[in-house]
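Structure first, commentary second.
The values are calculated or read from the model by the stated rules, or taken from the named source; none is laboratory data. The model shown is predicted, which means the values in this text are computed figures rather than measured ones. With ideal geometry, Cβ positions are generated from the backbone for all residues, glycine too; neighbour counts draw on all protein chains shown. Accessible surface areas use protein heavy atoms only, side chains included; no ligands, DNA or RNA. Shrake-Rupley method; radii C 1.70, N 1.55, O 1.52, S 1.80 Å.
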Amino acid sequence: NAGVTQTPKFRVLKTGQSMTLLCAQDMNHEYMYWYRQDPGMGLRLIHYSVGEGTTAKGEVPDGYNVSRLKKQNFLLGLESAAPSQTSVYFCASSPIQHLLNEQFFGPGTRLTVL
Amino acid sequence: ELKVEQNPLFLSMQEGKNYTIYCNYSTTSDRLYWYRQDPGKSLESLFVLLSNGAVKQEGRLMASLDTKARLSTLHITAAVHDLSATYFCAEHESQGQLTFGSGTQLTVLP
């Protein structure tokens with residue numbers, strides 16, 4: 001099992017450009033999450049999904065959109081990138097109705113917006 | 001507003017010494033997580049604490065949970081250099097979301 005994978009690993013954008021980050025998991029997990037991590041801070045939740053076809057806003061959703069068309073994939077889109085979106089983005093997944101409800105994290109995507 | 005506060009934020013300690021990292025959280029959550037992150041890497045799950053009074057130990061690390069005080073601790077015993085990393089606690093929310101603390105950057109000095 002590959003676990004949680006993220007594509008791409010690194011990306012540099014210019015202000016105003018758009019891009020999509022892909023998260024894929026092969027553990028048949030129901031729940032998936034997108035977080036961002038800025039220097040000296042913990043992870044902050046952007047959007048999450050509790051199942052295929054559903055999405056919900058987290059703590060910092062502005063400037064991002066998400067889609068969960070397939071259970072194994074969770075896409076994070078930036079329609080018009082801004083320098084404030086320079087960050088490391090982590091995707092995570094967790095199983096439904098599991099006692100531990102432990103989240104498994106991907107390796108991260110380092111995004112720089114110039 | 002959900003809030004998770006860790007202290008200290010930075011910790012330098014000598015090898016062989018003991019120390020405790022504290023995590024205060026704001027709600028009545030009965031589930032608390034500890035993660036480790038090495039520089040430039042992803043997060044690795046250390047402990048999941050499920051109930052009041054829960055204590056878990058792995059090697060030189062021991063975590064505990066006091067839901068009445070809304071406090072979790074991560075105790076380091078006889079630190080070694082390999083424990084140098086950033087440690088995060090995270091509070092569990094209703095739909096599985098996690099609210100993270102700012103992290104404690106631990107450096108173990110020889």
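Could you work out the Kirkwood radius for chain B, taking every pair of different alpha carbons, averaging 1/r and inverting it, reported in Å?
Every distinct Cα pair counted, the radius reaches 13.9 Å.
Which entries in A:Lys57/B:Lys41; A:Lys9/B:Lys17; B:Lys3/B:Lys56; A:Lys71/B:Lys41; A:Lys14/A:Lys71 show an alpha-carbon gap greater than 29 Å?
Pairs exceeding the cut-off: A:Lys9/B:Lys17; A:Lys14/A:Lys71.
For chain B, what % of the accessible area comes from carbon and sulfur atoms, probe 1.4 Å?
47 percent
Report D for the stretch A:4-113 in µm² per second (integer): Stokes-Einstein, Kirkwood Rh on Cα pairs, 25 °C, 0.890 mPa s.
The Stokes-Einstein estimate is 177 µm²/s.
Let's see if you can work this out: charge +1 on each Lys and Arg Cβ, -1 on each Asp and Glu Cβ, no other charges. What is the dipole magnitude of the protein assembly as shown about its Cα centre, in debye to the nearest 20?
Working: 19 positive and 19 negative charges, 67 e Å.
In debye, rounded to 20, the protein assembly as shown gives about 320.
As an exercise, find the ratio Rg/Rh for the protein assembly as shown from alpha-carbon atoms, using the Kirkwood inverse-distance average for Rh.
Reported Rg/Rh (Cα atoms, Kirkwood Rh): 0.98.
So what's the net charge close to B:Arg70: Lys and Arg +1, Asp and Glu -1, counting the other residues with Cβ under 12 Å from its Cβ? Walk me through the numbers on the way to the answer.
Details: positive: B:Lys3, B:Lys68; negative: B:Glu5, B:Asp30, B:Asp66, B:Glu91.
Summing Lys and Arg as +1 and Asp and Glu as -1 gives -2.
Any idea of the accessible area per residue across chain B, 1.4 Å probe, to the nearest Å²?
49 Å²
Can you tell me the accessible area per residue over chain A, all protein chains present, probe 1.4 angstrom, in square angstrom? Before the final figure, lay out the partial values.
Details: 5480 Å² over 114 residues.
Value returned for chain A: 48 Å² of accessible area per residue.
Packing-wise, with mean Cβ within 10 Å as the measure, how do B:35-43, B:55-63 rank, highest first?
By packing density, highest mean first, the sequence is B:35-43, B:55-63.
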